[in-house]
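The values are calculated or read from the model by the stated rules, or taken from the named source; none is laboratory data. Bear in mind the structure is a predicted one, so any value in this text is a computation, not a measurement. Reconstructed Cβ throughout: ideal geometry from the backbone, glycine too, with neighbour counts over all protein chains shown. Ligands, DNA and RNA are excluded from the accessible area calculation, which covers all protein heavy atoms including side chains. Shrake-Rupley method; radii C 1.70, N 1.55, O 1.52, S 1.80 Å.
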Amino acid sequence: EKPTVINFNPGPAKVDPTVMAQAQKELLNYRNLGFGVLEMSHRSAEFIDIVDKAKTNLKELLNIPDNYKIIFLQGGATGQFSAVPLNLLNLSPDCTADYVVTGTWSAKAAKEAEKYGKINIVHPKLKKYTSIPAEDSWQLNPNAAYVYYCDNETVNGVEFHFVPDTGNVPIVADMSSNILSKPVDVSKFGVIIAGAQKNIGCAGVTLVIIREDLIGHQMKECPAVLDYKLQTDMNSLYNTPPSYSIYLTGLVLQWIKNTGGVTAMSRKCAAKSQLIYSVINNSNGFYHCVLDEDCRSRMNLPFRVGGPGGDQELEALFLERTKQANMVGLKGHRSVGGIRASLYNAVTVEETQQLADLMLSFQQEHA
Ligand code: PMP
């Protein structure tokens, strides 16, 4: 018998139990072939059907316009930190790109891109990742190849609740930790990248959604596996793809579709994050969230216990209490400290309510 655990892991993270059950059911015998997806040729008709079905569902869920391509790549979102400049920097005559750096992941993306061109951070360096610098203060370069930002900073909890206005310069957005949690106007983006292991499946596959006219500008040094042109031409099958991860992502996409699509996910995410933020906001400072109100993430909610800087003893006690309640994954990232609740698509409102209840009773006992 499987123990009942509430999984708040930041990623890899919870997958809906119906998806897990289907994967289990098909593990040894996919569609009565007598073997599973793990054992299937990536050139087989069955696997190509899995890829195409995942693309069709994603296109439908995000309302992706016809002039965009979807590819499934390896190397994680970190691989895309290199792929983006390798494929796009040539769009600028002097190999430059603009980066908005609002947290750990966009900082890493900018650092990686510096290997390939001239990277301009569009605002003064932030001392703390708790806000988004006012958009009208960004120093955007009209000749930049693209403007890059991270739509949801998983570690710091900074989420964009708007799409930046960059004029004619294409936007590249990292949506690894919030993809399919809200409706997105894809036509405003040049490229969207997302690792799958938080909201849409398991580790091993990274999603790239790219506008057609941005394909085909790769540097000659660009590795084949990261080459957007080659990979779109080959339907993500230039080499052996992460086939099982693509299959699992396909199951998750089907589950999202069956449960009301992105609109339903978005409503659920708003309800869940509201439960936790309202406990924080009504705690008279017992719980503290350092983030500016207008950029608080609906997916990753970092907070301190016992005051603004956090009381280490109380935080240890709090984590112990969550452990007793069979909750996992709530320890904040080591660079931030405190607590972090990750409320990805598969986490239910009921599970989140249990965390909110626990926070309330912990406060009553210790405030
Ligand atoms: N971007 C974001 C927003 C992330 O949360 C992560 C992983 N936590 C990454 C990039 C890096 O992803 P990967 O580990 O798959 O390379």
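Quick check on region 81-90. Is at least one of its residues away from the ligand (no atom under 16 Å from the Cβ), open to solvent by less than 10 Å² (accessible area, probe 1.4 Å), in contact (Cβ under 8 Å) with a residue 40 or more places away in the chain and outside any helix (DSSP H, G or I)?
Checking region 81-90: not a single residue is away from the ligand (no atom under 16 Å from the Cβ), open to solvent by less than 10 Å² (accessible area, probe 1.4 Å), in contact (Cβ under 8 Å) with a residue 40 or more places away in the chain and outside any helix (DSSP H, G or I).
Looking only at residues in region 263-299 that are free of Cβ contacts under 8 Å to residues at least 40 places away in the same chain and touching a Gly at 6+ places or on another chain (Cβ under 7 Å), which one is most open to solvent (accessible area, probe 1.4 Å)?
288
Pairs only if they're at least six apart or on different chains, beta carbon under 6 angstrom, first in region 8-20 and farther than 9 Å from residue 201 by Cα, second open to solvent by 20 Å² or more (accessible area, probe 1.4 Å) and near the ligand (Cβ under 10 Å from one of its atoms); list them, first residue then second.
11/197; 11/198
Would you tally the residues in region 155-199 being out of contact with any strand residue (DSSP E or B) (no Cβ under 8 Å at 6 or more places or on another chain), open to solvent by 10 Å² or more (accessible area, probe 1.4 Å) and within 14 Å of the ligand (Cβ to nearest atom)?
Adding up the residues that qualify gives 1.
Scan region 113-154 for residues that are farther than 25 Å from residue 218 by Cβ, within 16 Å of the ligand (Cβ to nearest atom) and without any contact (Cβ under 8 Å) to a residue 40 or more places away in the chain and jot them down.
129 - this is the single residue of region 113-154 that is farther than 25 Å from residue 218 by Cβ, within 16 Å of the ligand (Cβ to nearest atom) and without any contact (Cβ under 8 Å) to a residue 40 or more places away in the chain.
Out of 278, 176, I need the residue that is within 23 Å of residue 88 (Cα to Cα) and in contact with a helix residue (DSSP H, G or I) (Cβ under 9 Å, 6 or more places away or on another chain). Which one?
So the residue among 278, 176 that is within 23 Å of residue 88 (Cα to Cα) and in contact with a helix residue (DSSP H, G or I) (Cβ under 9 Å, 6 or more places away or on another chain) is 176.
For region 1-26: of the residues being outside any loop (DSSP other than H, G, I, E, B) and open to solvent by less than 70 Å² (accessible area, probe 1.4 Å), which is farthest from residue 347 (Cα to Cα)?
If we take residues in region 1-26 being outside any loop (DSSP other than H, G, I, E, B) and open to solvent by less than 70 Å² (accessible area, probe 1.4 Å), then 26 is farthest from residue 347 (Cα to Cα).
Considering only region 105-120, state which residues are open to solvent by 60 Å² or more (accessible area, probe 1.4 Å) and either modelled with pLDDT under 95 or not hydroxyl-bearing (Ser, Thr, Tyr) (or both).
105, 108, 111, 114, 115, 118
Out of all the residues in region 254-262, is one or more open to solvent by 50 Å² or more (accessible area, probe 1.4 Å) and within 19 Å of residue 178 (Cβ to Cβ)?
Within region 254-262, one or more residues are open to solvent by 50 Å² or more (accessible area, probe 1.4 Å) and within 19 Å of residue 178 (Cβ to Cβ).
Quick check on region 53-75: of everything there that is touching an Asp or Glu at 6+ places or on another chain (Cβ under 9 Å) and in a strand (DSSP E or B), which residue is least open to solvent (accessible area, probe 1.4 Å)?
It comes out as 68.
In region 210-238, what residues are closer than 17 Å to residue 49 by Cα and either at pLDDT below 95 or open to solvent by 20 Å² or more (accessible area, probe 1.4 Å) (or both)?
Listed by number, the residues that qualify are 232, 233, 234, 235, 238.
Looking at 102, 78, which one is within 12 Å of the ligand (Cβ to nearest atom), under 21 Å from residue 150 (Cβ atoms) and either touching a Gly at 6+ places or on another chain (Cβ under 9 Å) or open to solvent by 10 Å² or more (accessible area, probe 1.4 Å) (or both)?
78
If you take the residues in region 53-75 that are more than 12 Å from residue 253 (Cβ to Cβ) and over 20 Å from the mean Cα position of the chain (by Cα), which one is nearest to the ligand (Cβ to nearest atom)?
65
I'd like the residue in region 200-213 that is within 18 Å of residue 235 (Cβ to Cβ) and not in a loop (DSSP other than H, G, I, E, B) and, out of all such residues, is farthest from the ligand (Cβ to nearest atom).
Restricting to residues being within 18 Å of residue 235 (Cβ to Cβ) and not in a loop (DSSP other than H, G, I, E, B), the top hit is 212.
Is it the case, given these coordinates, that residue 354 is exposed (fewer than 15 other Cβ atoms within 10 Å of the Cβ) and more than 21 Å from the chain's Cα centre (by Cα)?
Here the answer is no, as residue 354 does not meet what is asked.
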